[in-house]
Amino acid sequence: MASLDIPFVETLSEREFEHVCALARRQFGLDLRRGKESLVSARLGKKMREANCKSFQEYFRYVSRDPSGQALVNLIDALTTNHTSFLREPRHFDFLRKVALERMSARERLDIWSAACSTGEEPYSICFHLLEEARKQPFQSAEGAVRVLASDISTRVLSTARQGIYAEERVQGLDEEWKRRYLLRGHGPQAGSYRIKPAVARLVEFRRLNLIEKLTLDRRFQVIFCRNVMIYFDKPTQEKVVSQLAGYLEPGGYLLVGHAESLTGISHSLEYVHPAIYRKPAGR
Ligand SMILES: C[S@@+](CC[C@H](N)C(=O)[O-])C[C@H]1O[C@@H](n2cnc3c(N)ncnc32)[C@H](O)[C@@H]1O
């Protein structure tokens with residue numbers, strides 16, 4: 001017999017779903033598709049109850065009238081997919097190490113941007129690899145040689161990323177040597193979790209940035225990771241985002257996109273290098 005404690009779930013009407021689609025597109029380029037109604041209803045229903053609203057209409061009014069903008073940020077948090085993991089799509093890290101090796105041998109600083117960093121596994125994986133490369137360089141410490149900007153639109157994931165604490169199952173893909181070098185094992189109430197060591201965390205600056213807005217950053221990057229986020233954008237938004245990212249690449253710098261993504265079908269100024277790796281032509 002079916003369980004009787006199935007929670008009561010509100011479903012967005014067609015008009016309400018269209019309202020959310022328009023808002024998601026306008027505010028952060030998200031391309032919500034038909035067929036996602038029940039997922040979106042479930043996620044927004046939770047937010048609606050947290051805000052003590054009795055209907056989606058009331059919740060949308062509350063979001064649009066919140067002068068702090070925090071309610072909108074929370075709504076966006078509920079719609080984004082934050083799946084990530086340490087060392088995800090490892091070929092990109094092999095490639096990063098080649099770029100890093102050249103830079104470090106020339107004693108030039110390396111600036112990397114993880115542009116949709118989710119809960120932090122991607123920027124910390126970047127650091128682990130760069131620290132491994134720095135270990136091979138005589139007289140070179142990573143501090144000063146490496147800077148990683150890590151950004152996301154979601155304040156919720158950024159707060160997890162800044163804390164840098166991960167449950168054992170999240171770090172099980174890292175070998176024991178790397179765990180010893182880069183993580184602190186939790187004891188007592190923290191048993192079963194790991195914390196990123198301060199010497200690693202210091203290399204990363206976390207910021208909330210919306211990739212579809214015009215950004216003003218103070219530097220250009222040799223490598224930008226923008227992985228598994230553009231898949232959620234429509235083509236015009238992808239074009240705008242890639243154009244902005246290309247502007248923040250150093251000439252000869254690389255844009256890495258998710259392995260399931262590609263820039264095929266959108267117009268851009270970058271050269272194809274390998275699947276999911278693009279390069280800004282030197283001299284631009
Ligand atoms: C699936 S995760 C990808 C994480 C990581 N890059 C990886 O490949 O494992 C997508 C991330 O993109 C973020 N995101 C979605 N729209 C964004 C936007 N307009 N600007 C910045 N980040 C965005 C989400 O909050 C989410 O954390």
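Each reported figure results from applying straightforward, stated rules to the coordinates on display, with no laboratory input. What you are looking at is a predicted structure, and each value in this text was computed from that prediction instead of being measured. All Cβ positions, glycine included, derive from the backbone under ideal geometry; neighbour counts span all protein chains shown.
Numerical summary
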read-out	value
Straight-distance crosslink candidates among aspartates and glutamates, where the alpha carbon sits under 19 Å from K240 and sequence neighbours closer than 8 are dropped	D31, D152, E213, E250, E261, E271
Tensor-based shape of the chain (alpha-carbon gyration tensor, a/c under 1.5 rounded, otherwise prolate or oblate)	oblate
Loop-located chymotrypsin sites (Phe, Trp or Tyr not before Pro) in segment 117-220, at most 13 other Cβ atoms within 10 Å (DSSP)	F139
Cα-centre dipole for segment 133-180 with unit charges at Cβ (Lys and Arg positive, Asp and Glu negative), debye to 20	200
Mean Cα-pair separation over length for the chain, i.e. relative contact order, pairs under 8 Å, 6 or more apart, %	16
For segment 25-157: rounded, prolate or oblate by the Cα gyration tensor [a/c cutoff 1.5]	prolate
For the chain, built as a Gaussian network whose Cα springs stay under 10 Å, the top-fluctuating residue of C21, C226, C117	C21
Nearby lysines by direct alpha-carbon distance to K54 (threshold 20 angstrom, same-chain neighbours under 8 apart not counted)	K46
Karplus-derived 3J(HN,Hα), 6.51/-1.76/1.60, for each residue of segment 83-92, Hz, glycine and proline x	4, 7, 6, 5, 6, 5, 6, x, 4, 5
Charge dipole (debye, nearest 20) of the chain; +1 at Cβ of Lys and Arg, -1 at Cβ of Asp and Glu	560
Residue of L87, L215, L270 that the Gaussian network model of the chain assigns the largest fluctuation, springs spanning Cα pairs under 10 Å	L215
Mean separation of Cα contacts under 8 Å, 6 or more apart, over the residue count of segment 125-268: relative contact order %	22
Karplus-derived HN-Hα couplings along segment 182-190 (A = 6.51, B = -1.76, C = 1.60, θ = phi - 60°), whole Hz, x at Gly and Pro	10, 10, 9, 7, x, 10, x, x, 8
Beta bridges by DSSP in the chain, antiparallel share as percent, to the nearest 5	40
Long pairs among K214/K235; K98/K179; K235/K280; K36/K235; K98/K235; K214/K280, criterion Cα-Cα beyond 26 Å	K98/K235
Calculated FRET value between R135 and H19, using beta carbons and R₀ = 51 Å, to 0.05	0.45
Rounded, prolate or oblate (a/c below 1.5 giving rounded, otherwise prolate when a/b exceeds b/c) for segment 160-213 by Cα gyration tensor	prolate
